[in-house]
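All of the numbers you see were taken from the coordinates with simple rules; none came from a lab. These figures come from a predicted structure and were not determined experimentally. Virtual Cβ from ideal backbone geometry, glycine too; neighbours counted across all protein chains shown.
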Amino acid sequence: MKVISWNLLRRSGASVKDVAALIAAHHPDLLFMQEATEEIEALPSVIGGHLFRQHLHQRIYGLAAWSRHALLQPEALPLPVSRMPGRMPPRIAQIVRVHGVTFANVHLSHGQILNRRQLIRIASALEGPAVIIGDYNAVGPTKVSGFKDIGPRKRTHLATNILPFRLDRCMARGLLCSSSLVLHRGPSDHHPILLGLEVVRDSVLDLQRPLAIA
């Protein structure tokens with residue numbers, strides 16, 4: 001299974017044509033997007049396939065998932081929020097299930113304690129083979145029990161065109177990674193990441209257990 005994740009950079013970043021060109025160049029089975037505006041809903045009319053976009057509260061953008069084949073309706077998993085004054089609006093993880101694998105498409109908060117709490121919340125809600133992929137906004141190591149960081153180690157974001165960070169990541173449980181690449185950035189301020197994934201046979205356990213979304 002070939003999977004791509006890309007933070008599009010709302011409004012001024014990657015357009016529908018840019019995303020369609022990425023699909024045409026790399027032929028992913030799944031493409032997860034962050035900071036996806038309403039414009040991205042035209043993607044199936046340009047390149048085919050199926051798309052779901054989930055809006056973030058008080059934001060012009062949200063999370064989107066594109067697939068070559070029909071998808072079940074994704075679920076929105078509410079994530080921990082900050083209680084500090086002036087906190088950012090609540091965030092969600094977009095939960096998509098494909099071929100017995102549960103994917104969590106994420107655009108986590110900038111707070112380095114908060115985004116780790118959000119990761120723990122996501123991991124605890126997923127059963128069986130699972131992938132947490134997207135813009136982690138995390139600086140430094142990230143560790144989640146049972147999950148392995150399989151994303152590329154190269155920098156994926158250039159803050160203010162000066163400081164490089166590895167913000168776009170992928171952690172997985174019960175899957176093997178055959179390839180892990182950082183792709184050309186294009187008009188966004190984030191590089192897409194591409195991964196080749198395969199389910200470990202012994203990990204096909206508890207697939208019929210319900211997703212634990214509270």
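Annotations
- Residue-by-residue Karplus 3J(HN,Hα) for the stretch 130-135, coefficients 6.51, -1.76, 1.60, Hz, glycine and proline x: 8, 9, 10, 9, x, 8
- Annotation: peptides 36-46, 179-189, ranked by per-residue average of other Cβ atoms within 10 Å with the highest first, follow the order 36-46, 179-189.
- Using R0 = 25 Å, the C-beta based FRET efficiency linking Arg68 and Arg11 works out to 0.40.
- Each of Ile60 and Ala159 was given a label point 7 Å from its Cα along the Cα-to-Cβ line. The distance between the two points is 2.4 nm.
- Segments 68-81, 105-118 sorted - mean Cβ within 10 Å per residue, highest first: 105-118, 68-81
- Result for the chain in a Gaussian network model with C-alpha springs under 10 Å: among Asp29, Asp168, Asp135, the largest mean-square fluctuation is at Asp29.
- Computed [θ] at 222 nm, deg cm²/dmol, the chain (DSSP H ≥ 4; -39,500 (n - 2.57); rounded to nearest 500): -3500 deg cm²/dmol
- The Cα center of the stretch 44-85 and the Cα center of the stretch 116-151 differ in position by 18 Å.
- Computed on the chain, with alpha-carbon pairs under 8 angstrom and 6+ residues apart, the relative contact order is 20 percent.
- For the stretch 37-51, Karplus couplings with θ = phi - 60° (6.51, -1.76, 1.60), whole Hz, Gly/Pro x: 8, 4, 3, 5, 5, 7, 4, x, 6, 8, 10, x, x, 9, 9
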